[in-house]
1. Read through the list (1) at pLDDT below 95; (2) among the small types (Gly, Ala, Ser); (3) over 22 Å from ARG138 (Cα atoms), then give the number of the only condition that SER84 fails.
2. Kindly indicate whether any position in the stretch 119-127 is closer than 17 Å to GLY194 by Cα and without any contact (Cβ under 8 Å) to a residue 40 or more places away in the chain.
3. Give MET35, MET22 a once-over and let me know the one that is open to solvent by 60 Å² or more (accessible area, probe 1.4 Å), touching a residue at least 40 places away in the same chain (Cβ under 8 Å) and either closer than 30 Å to GLN349 by Cα or under 24 Å from the mean Cα position of the chain (by Cα) (or both).
4. Determine whether ILE232 is more than 22 Å from the chain's Cα centre (by Cα), over 30 Å from THR8 (Cβ atoms) and among the hydrophobic types (A, V, I, L, M, F, W, C).
5. I'd like the residue in the stretch 56-69 that is in contact with a helix residue (DSSP H, G or I) (Cβ under 8 Å, 6 or more places away or on another chain) and under 19 Å from GLU147 (Cα atoms) and, out of all such residues, is most open to solvent (accessible area, probe 1.4 Å).
6. With open to solvent by 60 Å² or more (accessible area, probe 1.4 Å) and among the aliphatic types (A, V, I, L, M) as the only criterion, which of VAL298, VAL274, VAL342 stands out?
7. May I ask you to say which residue of VAL198, VAL217, VAL213 is at pLDDT 95 or above, over 16 Å from GLY259 (Cα atoms) and either part of a helix (DSSP H, G or I) or among the aliphatic types (A, V, I, L, M) (or both)?
8. Return only the number of the condition from (1) crowded, with 16+ Cβ neighbours inside 10 Å; (2) under 22 Å from the mean Cα position of the chain (by Cα) that VAL96 does not satisfy.
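The values are calculated or read from the model by the stated rules, or taken from the named source; none is laboratory data. Note that the coordinates shown come from a computational prediction; the quantities given were computed from them, not determined experimentally. For neighbour counting, all protein chains shown are included, and Cβ atoms are generated from backbone atoms with ideal geometry for every residue, glycine included. Protein only, heavy atoms only, side chains kept; ligands, DNA and RNA dropped before computing areas. Shrake-Rupley method; radii C 1.70, N 1.55, O 1.52, S 1.80 Å.
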Amino acid sequence: SNRVEAWTRDVDFLLRQEGRPMVNLTGDRTHVRVMEADWRNTDKAVNWIKEEAINLTQPFVLYLGLNLPHPYPSPYAGENYGSSTFLTSPYWLGKVTYEAIKIPKWSSLSEMHPVDYYSSYTKNCTGEFTKQEVRSIRAFYYAMCAETDAMLGEVISALRDTGLLKKTIVIFTADHGELAMEHRQFYKMSMYEGSSHVPLLVMGPGIKEQQQVPNVVSLVDIYPTMLDIAKIPVPQNLSGYSLMPLLHGKAENEVSPRGPRPSWVLSEFHGCNVNSSTYMLRTGKWKYIAYSDGRSVVPQLFDLSDDPDELTNVAIKFPVIVHSLDKILRSIVNYPKVSSSVHEYNKRQFMSWKQSLGHNYSNVIANLRWHQDWLKEPKKYENAIDKWL
């Protein structure tokens, strides 16, 4: 489903790809372990620290991947209809202060950026939502974050109990955020802060407590950071830079034999739920988002110091800044060329997939995640694909 939805985003149709976001309460006030699979993996990590790591003479690296705080698949609409249920128990929900939850402002559907509208529609968020529904989705998400925090706490406690905490660096981060109904969307696949800004917490020997590093950094920095910690020479051709100098509070000019880290970070996305290749450049207070070839879809510019909720696109107001950020972006990645090759790739992949199905094509495509919309007018949507091809 994800692949076909990504390949067909250039097709002239709008189909919902996710289940409508909803909440579900499970168990009672004693139900602590809601995400059982994550807890099992956390237990494995904790036991390994207590039984294995404590006896090692060489340094170790332990990787623990958690699924929380991720929405669960919605059972009410079939197995493959979106991961759209925010699920928690009264135990975790009790840790959330409802009054403190901010209800995000929404633009009217007609005023939305065209890419946002497509994303909101495919994520099944264009319908009516009461303030209570939105508040609940956000509260349940925060409760899921609290459960994730507890898993991290178990790992830190195990390191403390074994005396390893004083000589172990712990890095906690995520692959994406959760919009949780900001910009009339949930989930990810967006350059708004809710989706693209991720937690990055580091603790360990030589790292000052409670410091907040103001620099914009990127997930590509994690790999060279880990090499640096392990005293392994960092290859010269990496995109990222070690975070250790920043964590040790060193001045920028001492940072790296490769020269200072850039003042910007880059993100790009070419997948489902978004009908255009998307590129984000973040530097200082500015966030610049370019789409497709840079011309056919209007870019966005946000001043995050003045507009942290990213509600006002000021691209028209600051053409000089747009021009200079676009120039930097093009020097890093020739984005119109990349968009064009993605465009061709999507068509090529879809055609070979369609051919591989033979006569079964219509039946298979009608049963992907968009089946609820598709089955209303299957011929219309098949024709739209034929026209695109």
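1. Of the numbered conditions (1) at pLDDT below 95; (2) among the small types (Gly, Ala, Ser); (3) over 22 Å from ARG138 (Cα atoms), the odd one out for SER84 is (3).
2. No, because not a single residue in the stretch 119-127 is closer than 17 Å to GLY194 by Cα and without any contact (Cβ under 8 Å) to a residue 40 or more places away in the chain.
3. Values: MET35 fails: open to solvent by 60 Å² or more (accessible area, probe 1.4 Å).
Within the list MET35, MET22, the selection yields MET22.
4. Values: more than 22 Å from the chain's Cα centre (by Cα): yes; over 30 Å from THR8 (Cβ atoms): yes; among the hydrophobic types (A, V, I, L, M, F, W, C): yes.
Considered against the rule, which asks whether it is more than 22 Å from the chain's Cα centre (by Cα), over 30 Å from THR8 (Cβ atoms) and among the hydrophobic types (A, V, I, L, M, F, W, C), ILE232 comes out as yes.
5. Restricting attention to the stretch 56-69, the residues satisfying the condition of being in contact with a helix residue (DSSP H, G or I) (Cβ under 8 Å, 6 or more places away or on another chain) are 60-62, 64-69.
From what's left, under 19 Å from GLU147 (Cα atoms): 64-69.
Working: LEU64: 57, GLY65: 38, LEU66: 53, ASN67: 81, LEU68: 9, PRO69: 41 Å².
Going through the qualifying residues, I end up with ASN67.
6. Numbers: VAL274 fails: open to solvent by 60 Å² or more (accessible area, probe 1.4 Å); VAL342 fails: open to solvent by 60 Å² or more (accessible area, probe 1.4 Å).
Result: VAL298 is the single residue among VAL298, VAL274, VAL342 that is open to solvent by 60 Å² or more (accessible area, probe 1.4 Å) and among the aliphatic types (A, V, I, L, M).
7. On the way: VAL217 fails: over 16 Å from GLY259 (Cα atoms); VAL213 fails: at pLDDT 95 or above.
VAL198 is the lone residue from the list that is at pLDDT 95 or above, over 16 Å from GLY259 (Cα atoms) and either part of a helix (DSSP H, G or I) or among the aliphatic types (A, V, I, L, M) (or both).
8. (2)
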